[in-house]
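Notes follow the structure.
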Amino acid sequence: MVARVIPVDPFDLVIFGATGDLARRKILPALCRRHADGQMPDDARIIGAARTEMDRDAFLAMVSEAFDEFLGDHAPGPDCRASFFERLDYVAVDALGEDGWTALSDTLRDGVVRAFYFSVGPSLFGPLAERLGQHGMVTAETRIVVEKPFGHDLETARVLNQTLAAHFDETQIYRIDHYLGKETVQNLMAVRFANILFEPLWNARFVDHVQITVAETVGVGGRGPYYDKSGAMRDMVQNHLMQLLCLIAMEPPHSFEPDAVRDEKLKVIRALDPVRADDIVRGQYGAGAESPSYLVEVENPQSLTESYIALKVGISNWRWKGTPFYLRTGKRLRARASEIAVTFRDPPHSIFGEDAPWKANILVIRLQPDEGMTLKVMIKEPGPGGMRLKDVALDMSFAEALGDDVPIPDAYERLIMDVIRGNQTLFMRGDEVEAAWAWTDPIIAGWQKSADRPRTYDPGSSGPEDALMLMHRDGRRWREIR
Ligand code: BG6
């Protein structure tokens, strides 16, 4: 099967922070793949901007090295790379000074989409926005892209929103949560709203509980200084897991228009209950045979920051009251496995007698790896000897269903093209981010007050033992991480 590619309009894309990790690892490879697929018009241009003084050739050499490392499977061939490089340029710019701004302004064309990607720390968002304004670079066709973390708490997020709002209209601001760009995450909406099957059952009357798991095998690596100030709650729950929860829990939007979807997500966030202290388990990975402990990795022996968190979340609205959502995410766990499991309630009465083994219907949506869906259903076990029941899986892997030769695009490919198209559906609105922080802040303040240590867990395990209790005491179990 061949994926359909709809070309975008001509554009100038400026990447601030073009020499940084994200640009080299994600943004530039994503652009190269879109180029390879023929999605970019001939006159689309990409301009790297960073403080480092270097000429265009040196920038191309840097990008080339990054591609060798990060383009991965389905890498475009040398001719394709060469034609992509023709689109690239580089300007040295000082975000906090005057250097380079006139040169940058001179490279931009009028009459095409202009996108500025702020692939820099949030402390530079304000200065960059200001400089763009001062140098007359903001046109009606201008968009800016900002990366997470969008603030550290509600207060800082508000200040950031105000700073950006002083220079840009909300319709020009694209706040990235790369989870929304993942194919399988978008598929959540397709599953829910393009099928009649699930929606009538999608509520507290029929759903017993929902589990959302984002498990990683990596540790914090070289990101210790950032991560130790954030922890799993700020780094993952406030944004990625929150977005997943919203897509599962929201009411059907009336259309796929940006505000129709974002209005519904916002309503979910506002309906989230505060989380009680005993509905939270935090963990920190210890040392393994070949891996250092969290405390060693972040070089902070006293750190109370969590690299794992599990929590039980309630939603106070008509659809979900009484159906808990269990969320967990952590680093250095047994496997890289992200999934959403919707467990349905038991049928109200068994015509097969009380002894028939009940196994709940479960819809599992696997986000990564091995993207796909499984629906657990009960059937009769074949053979004579009475009515014996058995649960089996209706299993669908996207690779098998769609063909292995259709690569699942990286989230950034979709998201950057959406910026050029001017489609904000998969980006977070300012009020959404603030509402997410308004829910997160008191939870964090709660454990900071108690100064409890996170539980230590073994690397390669499924997290701290206490997290099991979070579900056991409700008569439920986590699904295995594997
Ligand atoms: C990032 C977090 O936003 O998402 C990282 O800052 C995390 O800590 C990453 O590892 C996970 O993304 P993915 O796409 O690998 O699941």
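The values are calculated or read from the model by the stated rules, or taken from the named source; none is laboratory data. Remember, it's a predicted structure, so these values are computed and weren't measured experimentally. Heads up, the Cβs are rebuilt from the backbone with ideal geometry, glycines too, and the neighbour counts pull from every protein chain shown. The protein model used for the area step is the full one, side chains on, heavy atoms only, and it has no ligands, DNA or RNA in it. Shrake-Rupley method; radii C 1.70, N 1.55, O 1.52, S 1.80 Å.
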Next on the checklist: Being touching a Lys or Arg at 6+ places or on another chain (Cβ under 8 Å), touching a residue at least 12 places away in the same chain (Cβ under 8 Å), open to solvent by less than 20 Å² (accessible area, probe 1.4 Å) and assigned to a helix (DSSP H, G or I) is the requirement here; does Ala204 meet it?
Outcome noted: no
Residue pairs within 8 Å by beta carbon, gap of at least six or interchain, first lying in segment 168-187 and closer than 19 Å to Leu13 by Cβ, second within 12 Å of the ligand (Cβ to nearest atom) and of a type in the set (Ser, Thr, Tyr), listed first then second, are His178/Tyr412; Gly181/Tyr412
In the set Arg345, Arg334, Arg328, Arg282, the lone residue that is open to solvent by 50 Å² or more (accessible area, probe 1.4 Å), of a type outside the set (A, V, I, L, M), at pLDDT 95 or above and under 22 Å from the mean Cα position of the chain (by Cα) is Arg334
All-but-one check, Leu367 against (1) within 16 Å of the ligand (Cβ to nearest atom); (2) in a strand (DSSP E or B); (3) of a type outside the set (Val, Ile, Thr); (4) at pLDDT 95 or above, failing number (4)
Asp452 passes all but one of the listed conditions (1) open to solvent by less than 70 Å² (accessible area, probe 1.4 Å); (2) of a type outside the set (S, T, N, Q); (3) farther than 23 Å from Tyr174 by Cβ; (4) assigned to a loop (DSSP other than H, G, I, E, B); the exception is number (1)
For segment 216-239, pairs from a residue that is under 21 Å from Glu434 (Cα atoms) and open to solvent by less than 60 Å² (accessible area, probe 1.4 Å) to a residue that is within 8 Å of the ligand (Cβ to nearest atom) and hydroxyl-bearing (Ser, Thr, Tyr), with Cβ under 7 Å and 6 or more apart or across chains, are Asp235/Tyr227
Counting only residues that are within 13 Å of the ligand (Cβ to nearest atom) and either of a type in the set (Lys, Arg) or open to solvent by less than 10 Å² (accessible area, probe 1.4 Å) (or both), segment 176-193 contains a total of 7
In the set Arg388, Arg366, the lone residue that is in contact with a strand residue (DSSP E or B) (Cβ under 8 Å, 6 or more places away or on another chain) and closer than 15 Å to Ile340 by Cα is Arg366
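Quick grid of which residues meet (1) surrounded by fewer than 22 Cβ atoms within 10 Å (Cβ to Cβ); (2) touching a strand residue (DSSP E or B) at 6+ places or on another chain (Cβ under 9 Å); (3) of a type outside the set (A, V, I, L, M):
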{"site": "Val296", "(1), (2), (3)": "yes, no, no"}
{"site": "Glu299", "(1), (2), (3)": "yes, no, yes"}
{"site": "Ser303", "(1), (2), (3)": "yes, yes, yes"}
{"site": "Tyr308", "(1), (2), (3)": "no, yes, yes"}
{"site": "Trp318", "(1), (2), (3)": "yes, no, yes"}
Picked from segment 22-45 (must be over 16 Å from Asp410 (Cα atoms) and touching a helix residue (DSSP H, G or I) at 6+ places or on another chain (Cβ under 9 Å)), the residue most open to solvent (accessible area, probe 1.4 Å) is Arg45
